[in-house]
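Enquirer: Quick one: structure below, then a few questions.
The values are calculated or read from the model by the stated rules, or taken from the named source; none is laboratory data. Computed from a predicted model, the values in this text were never measured in an experiment. In this analysis, Cβ positions are derived from the backbone assuming ideal geometry, glycine residues included, and neighbour counts consider all displayed protein chains.
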Amino acid sequence: MKLRTFCCSAVLFCIAHTLAFAQSITLDSLWGKFVGNINAMVFTPDSRSILIGNDEKQLVRYNALTGDTISIIPTLYGAQECIFTKEGNKLFIRGFKGIEIKDASTFQTLDSLPVPTKEHDFASFDINNDGSIIAVKSHVWDSKEVFYWEIAVYNNSTKQTVWSVKTKGALGTNSRYPEGKIALTPDGNYVLGQNSFFLCKWNWRDSIQPGEILIENIPNLELISFSPDRNYFVLKSNYIYSIDQKKCINKDIPNFIEGSTSDYGIGCAFTNSSNTIIVTNNRVPFIIDINSLKVLKRTNFAYTGRISLSHDSNFIAFQLGSDGLHVHNLSWITTNVADDSKPTATLTVLPLPSTEQLSVIVHCFTSNNDCSIIVYNDRGEVIQKVFSGVILDGDTTFNISTSELSSSHYNVVLKINATSISKPFIITK
């Protein structure tokens, strides 16, 4: 094997750039283990670890790279669902009887929001960017032991209900899966959720205005996920809906069969950009480019349950069966050739996350004359021009000083002729 090493100092630029190529995906297995029943699964904001909510009312924290147990974190109400604030400084944990708020660094309890009455069970929730507003969907038992759905918005400072609405559950009272998702819009002003066979949007700041029906006659299925931009949602079993187009788009995606009502897979995750979705069909995960409506990859995993994607899109975790956890490294390969099935090179970035120095390892299958390596920030601006020239076959390592880069999310892009390979990474200081 040929090994070459280059040392590159940081050269800073601010030139707008947008990557607009087709993508393909490679997955490299990092580790897998039996962890017990998985109720919740989320990566920490720095992508260094993954949190698993179990039946013991605990969050178990694992090293994302190695699978080593870092700590066991007790919770007040259990962990059925976990959401970090946009800044990543607080962690909100939903149990059936309340929501706990923890410091995202120390995991010490900061505050809590218990259920308003003993008849309430919290079934789904969302927060605005800073966590000052909490939207909660509950199933509530009345005095006649008949339950109804309630969506409410709480002020996190006062813990008071500022708005609520009763809704009808399309699944009926005998649903095996009552935890249909709700979501706040990115500006925090509206609540999205199901009301009977409709997808609705409510202005929670206006208690008089009725909900707006966005899509009518959606199937009698549970809503399992919204995209971060709230332009898409997914119904069990994995019907992908475009809110703008007001329709299910499964039939528009070649090689992706329409969801099956007999499929109870709950796996679904979006990238932060909402451009890519990882969703199961017949409990097998598919990775789909939403913009091009193209299946980027059909994995070989069976019996997949929950799916979690790290914030930097470097790691993906699958629940296999009821108690198996498998974590993989993701490589995103972009090309302007429609069917580029044979990659020209692979790209590895170490360590993840990075502090003062980053090693970019390029493996070329043949020597290439027209090569470049560029670092972009999360706004698509050029931050470093690392290399331009010839890269020979074999392994070549480029050591990049990151001392002048601030803590943030970046992408390193290797361009070889018509192909681009993109690898996200995080700088933490």
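Enquirer: Take the residues in segment 389-427 that are within 19 Å of residue 88 (Cα to Cα) and under 20 Å from the mean Cα position of the chain (by Cα), then tell me which one is surrounded by the most Cβ atoms within 10 Å (Cβ to Cβ).
Expert: If we take residues in segment 389-427 being within 19 Å of residue 88 (Cα to Cα) and under 20 Å from the mean Cα position of the chain (by Cα), then 424 is surrounded by the most Cβ atoms within 10 Å (Cβ to Cβ).
Enquirer: Find all pairs meeting these conditions: Cβ atoms under 7 angstrom apart; at least six residues apart or on different chains; first residue within segment 224-246 and over 20 Å from residue 126 (Cβ atoms); second residue of a type in the set (A, V, I, L, M, F, W, C) and surrounded by 23 or more Cβ atoms within 10 Å (Cβ to Cβ).
Expert: 238/279
To keep it simple, each residue is scored yes or no on (1) aliphatic (A, V, I, L, M); (2) surrounded by fewer than 17 Cβ atoms within 10 Å (Cβ to Cβ).
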| position | (1), (2) |
| --- | --- |
| 28 | no, yes |
| 38 | yes, no |
| 42 | yes, no |
| 62 | no, no |
| 65 | yes, no |
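Enquirer: Now for a separate question. Tell me, which residue of segment 67-88 that is surrounded by fewer than 18 Cβ atoms within 10 Å (Cβ to Cβ) and among the acidic types (Asp, Glu) is farthest from residue 110 (Cα to Cα)?
Expert: 68
Enquirer: What is the number of the single condition among (1) over 13 Å from the mean Cα position of the chain (by Cα); (2) modelled with pLDDT of 90 or more; (3) surrounded by 22 or more Cβ atoms within 10 Å (Cβ to Cβ) that residue 317 does not meet?
Expert: Failed condition: (1).
Enquirer: Continuing with this model, one more query. Only residues that are of a type in the set (Asp, Glu) and either at pLDDT below 90 or in contact with a strand residue (DSSP E or B) (Cβ under 8 Å, 6 or more places away or on another chain) (or both): list them for segment 213-229, please.
Expert: 216, 222
Enquirer: I've got another one for you. Here are 50, 134, 70, 83: which of them is under 21 Å from residue 164 (Cα atoms) and either modelled with pLDDT of 95 or more or not assigned by TED's automatic domain parsing to the domain that holds residue 326 (or both)? Quick ask: steps written out before the conclusion?
Expert: On the way: 50 fails: under 21 Å from residue 164 (Cα atoms); 70 fails: under 21 Å from residue 164 (Cα atoms); 83 fails: under 21 Å from residue 164 (Cα atoms).
When all the criteria are applied, what remains is 134.
Enquirer: Filter segment 379-397 down to residues that are among the acidic types (Asp, Glu) and part of a strand (DSSP E or B), then give me how many there are.
Expert: 2
Enquirer: Got a sec? Which of 400, 361 is closer than 13 Å to residue 345 by Cβ, in contact (Cβ under 8 Å) with a residue 24 or more places away in the chain and part of a strand (DSSP E or B)?
Expert: 361
Enquirer: Another question, if that's okay. For residue 190, which of the numbered conditions (1) modelled with pLDDT of 85 or more; (2) in contact with a Cys (Cβ under 9 Å, 6 or more places away or on another chain) fails to hold?
Expert: Unmet condition: (2).
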